[in-house]
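Here's the structure we're looking at; comments come further down.
The values are calculated or read from the model by the stated rules, or taken from the named source; none is laboratory data. Computed from a predicted model, the values in this text were never measured in an experiment. Glycine also receives a Cβ, built like all others from the backbone with ideal geometry; neighbour counts cover every protein chain displayed. Ligands, DNA and RNA are stripped out before the accessible areas are found, and what is left, the full protein with its side chains, is counted by its heavy atoms. Shrake-Rupley method; radii C 1.70, N 1.55, O 1.52, S 1.80 Å.
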Amino acid sequence: MKYMLLIYTGGNTGDAGDFQAWMEYDKSVKEAGVYVSGESLTDPADTTTVKVTGGERIVTDGPFAEGRELLGGYYVIDVPDKATALEWAARCPGSWEGGAVSVRPCDTY
Amino acid sequence: MKYMLLIHGSGDGCTPQEWMDYDKSVREAGIFVSGESLAEQALATSVTIGESGERVVTDGPYAEAREVLGGFYVIDVPDLDAATDWAARCPGARDGGSMVVRPVVEYA
Amino acid sequence: MPGDIRASVEAIFREERGRLLAALVRRFGDLDMAEEVTSEAIEAALLRWPIDGVPASPGAWLMTTARRRAVDRLRRDKAYAARLALLQVEADRAAPAAPEADGGLPDERLRLFFTCAHPALPEADRGALTLRYLAGLTTVEVARAYLVPVETMAKRLVRAKKKISGARIPFRVPEPHELPSRLPGVLQAIYSIFTEGYAASAGPDLVRHDLAEEALRLGRILRRLLPAEREVAGLLALMLLTHARRDARTGPDGGLILLEDQDRSQWDRVMIDEGEPLVVTALTGGPPGPYGVQAAIAALHSTAADVTSTDWPQIVLLYDVLRSLTPSPVVDLNRAVAVAMRDGEEAGLALLDGLAGEPQLRGLHVYPAARAELLRRLGRFPEAAEAFREALGLAGSDPERLHLRQRLSEVEGH
């Protein structure tokens, strides 16, 4: 079963002190053989939103709604069950120090 | 340059065939890096580590994010214009939906 | 070099700066570096030219110097060089470089126009970016133009630049099929500079001529770069025909003078002569765009000897066209004023009353001011006075307030 771990750090991918923790986490996800994909995102200020209304393309600066863009990155992991997915979420530095990691099952076709 | 296209919107107005066609075109264009379609919002669970290290697991998406994410693609294209072009072609951009385009950190 | 000479040399460099910057951005794909080496090349010119004399081809001299600085920088910083090389490969993948025009420097400014007015940038910053990078103004000058603290403007520019590089907004001219959706953004950025020059929002001067003239200069550059685009001609014509009236717009006391009361001999004939053929260009060969239509309205004023011989029926028709292209209560308001001239004040007033409560007109002094003027002409002085008072409560610029106060005391005297 694939789960997406959404990392909400408000775009703060962590200061230099956290970097080591992220490296270790990334390594452990990959070594455990559960890694499917994952990226960290740049500054939320680089966000652009695209909508298509009546065939017309509207490109705007910023996130899609009022409020801040909080997503800092994600992992997709393939694990047997939700409990294991939550386990990986808790180990992720993104869930520490005021951050949160949201776990969502992926659709399977 | 890699961009993440976050699909915000139900895409309910689009047929499965339209989604499949889009998915096929992304893969055939040779820009596909990864992508998933997420199961319904109600199945989300959030995890945060409290101040004393305790694990707090709550039902539902991370509240502050007001997340309506339905899925995503990561694509590798030359620039933002190409990325917004692919975003606009995605069925998720239609019928009141939005595609949020965010650059991905590239580690040298 | 004394400060004033330096300033005048810098002014000469302004257009060169935009051209140079655009060429360097094209070459290295990095706005920050292009900006730095452009400044360095100009600094070098300010040192060398007074001693060695101005080179035969100043632009080529600046370009060679700037390129040399850029290459030096890349030699010093290998990681940066590798990143830029990668950028260049990807840029070429997106838009292969065109062979350079024979001999001269290729003019890459069109790319930069589209980057500065890119829809993924905040709308409020596009005019400022255009002024900074295409018109070659310094950050201090741009801040002064928008009446904001230098620090605020510097932050806005840095943030916009960061988005350009972080999200990789490309330096490219959109494909022909993309132009209809992208060109209006560029025109809007230039026109926003022009209207900022005419901003009645604050300040003692009705017109900040320098800013309006920067917009004209940008309009002329864009017209040279996109000679086949009729709306570019329309925008330039609109700005020229509007700016031609600048000296007649304020009286000796500094108060605003309405179009119908202006001394038309003060209108700038040279500017009108430049603008009128552009109106023809803007309106021929296809359906008109909003700038072309507005320019046509302005041209009907500049060809009329006075307000009574003005072709008001034609102006009303043009407002109808404009309304179909860009519907807005502001267009409706202007149309109502033209209808008043064509059919009489009562007819105009009825249309204006129909616009009462339009959210887009709320808080704008132009609405009560237009009503007040029609009421005054109808001799309905108490109502006119009330509307002038309402307008005075909303009008920002000193010349407009002066005009409204004069009108108010006039109607109160009846």
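Considering only the protein assembly as shown, what is the antiparallel percent among its DSSP beta bridges, to the nearest 5?
For the protein assembly as shown, the DSSP antiparallel bridge percentage is about 100.
In peptide C:108-119, what is the residue-averaged number of other protein chain Cβ atoms found within 10 Å of each Cβ?
1
With axes computed from alpha carbons, what is the tilt in degrees of helix C:398-412 against the longest principal axis of chain C, rounded to the nearest 10 within 0 to 90?
Between helix and principal axis, roughly 0 degrees.
With a 1.4 Å probe on protein heavy atoms only, tell me which residues of region A:35-61 lose at least 50 Å² of accessible surface in the complex relative to the chain by itself.
A:Glu39, A:Ser40, A:Leu41, A:Thr42, A:Asp46, A:Thr48, A:Val50, A:Val52, A:Arg57, A:Val59, A:Asp61
Buried accessible area between A and B (1.4 Å probe, both chains summed, ligands and nucleic acids excluded), in Å² to the nearest 100?
4100
Rg and Dmax in Å for region C:115-175, alpha carbons only: what are they?
11.4, 38
Considering Cα pairs under 8 angstrom that are at least six residues apart, work out the relative contact order of chain A and quote it in whole percent.
50
Just the Cα atoms of chain C: what Rg and Dmax do they give in Å?
Reported Rg and Dmax, both Å: 24.2, 80.
In what sequence, highest mean first, do B:23-32, C:266-275, C:18-27 appear when ranked by Cβ atoms within 10 angstrom?
Highest to lowest by the protection proxy: C:18-27, C:266-275, B:23-32.
Using the heavy atoms of the protein chains alone and a 1.4 angstrom probe, what is the accessible area of chain A per residue in square angstrom?
For chain A, the per-residue accessible area is 47 Å².
Chains B and C: what accessible area do they bury, summed, in square angstrom to the nearest 100, with a 1.4 Å probe?
900
Return a whole-number percent for the relative contact order of region C:232-344, with Cα pairs under 8 Å and 6 or more residues apart as the contact set.
About 27 percent, as a whole number.
Relative to the longest principal Cα axis of chain C, at what angle does helix C:312-325 sit, 0 to 90 degrees, rounded to 10?
Roughly 50 degrees between the two axes.
Run the reach check for A:Lys30 against aspartates and glutamates, Cα to Cα strictly under 12 Å, same-chain hits fewer than 8 apart removed. What comes back?
A:Lys30 reaches A:Asp78.
Please give the FRET efficiency for B:Ser52 paired with C:Ser165, using the beta carbon to beta carbon distance and R0 = 41 Å, rounded to the nearest 0.05.
0.50
Taking a threshold of 24 Å on the Cα-Cα distance, which of the pairs A:Lys2/C:Lys163; A:Lys2/B:Lys24; B:Lys2/C:Lys162; B:Lys24/C:Lys161 fall above it?
Table pairs above 24 Å Cα-Cα are A:Lys2/C:Lys163; B:Lys24/C:Lys161.
When we measure straight from the Cα of A:Lys82, which aspartates and glutamates land under 16 angstrom away, once same-chain ones fewer than 8 places off are left out?
A:Asp107, B:Glu40, B:Asp59
How big is region B:12-108 on each of its three principal axes, counting only the C-alpha atoms and giving the largest first in Å?
In descending order, the Cα extents are 48, 40, 20 Å.
In region C:313-379, which trypsin sites (Lys or Arg not before Pro) are in a loop and have at most 14 other Cβ atoms within 10 Å, using DSSP for the loop call?
C:Arg362
Classify region C:254-357 as rounded, prolate or oblate, taking a ≥ b ≥ c as the square roots of the eigenvalues of its Cα gyration tensor: rounded when a/c is under 1.5, otherwise prolate if a/b is larger than b/c and oblate if not.
Since a/c reaches 1.5 but b/c is at least a/b, the shape of region C:254-357 is classed as oblate.
Within 10 Å of each Cβ of B:70-76, how many other protein chain Cβ atoms are there on average?
Averaged over the peptide's residues, the number is 3.
Output the relative contact order of region B:2-103, whole-number percent, from Cα pairs under 8 angstrom with separation of 6+ residues.
52
Picking from C:Pro174, C:Pro50, C:Pro277, which is most flexible by a Gaussian network model of chain C using Cα springs under 10 Å?
Of C:Pro174, C:Pro50, C:Pro277, the most mobile in the Gaussian network model is C:Pro50.
Which distance in Å, rounded to a whole number, links the C-alpha centroids of region C:232-275 and region C:294-371?
A separation of 18 Å, based on Cα centres.
Give me the percent of accessible area attributable to carbon and sulfur for chain B, probe 1.4 angstrom.
51
Using the basic label-point model (7 angstrom from Cα toward the beta carbon), what is the C:Phe381 to C:Arg48 distance in nanometres?
Between C:Phe381 and C:Arg48, the label points sit 7.3 nm apart.
Under the definition of partner shielding as Cβ atoms of other protein chains within 10 Å of a residue Cβ, what is the mean value for peptide A:86-99?
Rounded to a whole number, the mean comes out at 4.
Quick one: helix C:150-166 against the long Cα principal axis of chain C, what's the angle to the nearest 10°, folded into 0 to 90?
60
Which residues in region C:300-319 place their backbone N less than 13 Å from a point set 7 Å from the Cα of C:Leu258 along the Cα-to-Cβ direction?
What the label zone holds, given the 13 Å backbone N cut-off, is C:307-308.
Would you mind giving the total buried accessible surface between chains C and A, with a 1.4 Å probe and ligands, DNA and RNA left out, rounded to the nearest 100 Å²?
Roughly 700 Å² of accessible surface disappears when C and A pair.
Are there GluC sites (Glu not before Pro) in region B:52-104 that DSSP puts in a loop and that have at most 16 other Cβ atoms within 10 Å, and which ones?
Loop-located and lightly packed - B:Glu54.
Over chain C, what percent of the accessible surface lies on carbon and sulfur atoms, probe 1.4 Å?
Carbon plus sulfur share of accessible area: 56 percent.
List the residues of region B:15-37 that lose 50 Å² or more of accessible area once all protein chains are present, compared with their chain alone (1.4 Å probe, heavy atoms only, no ligands or nucleic acids).
B:Glu36, B:Ser37
Where does the protein assembly as shown land on Rg/Rh, using Cα atoms and the Kirkwood Rh?
1.03
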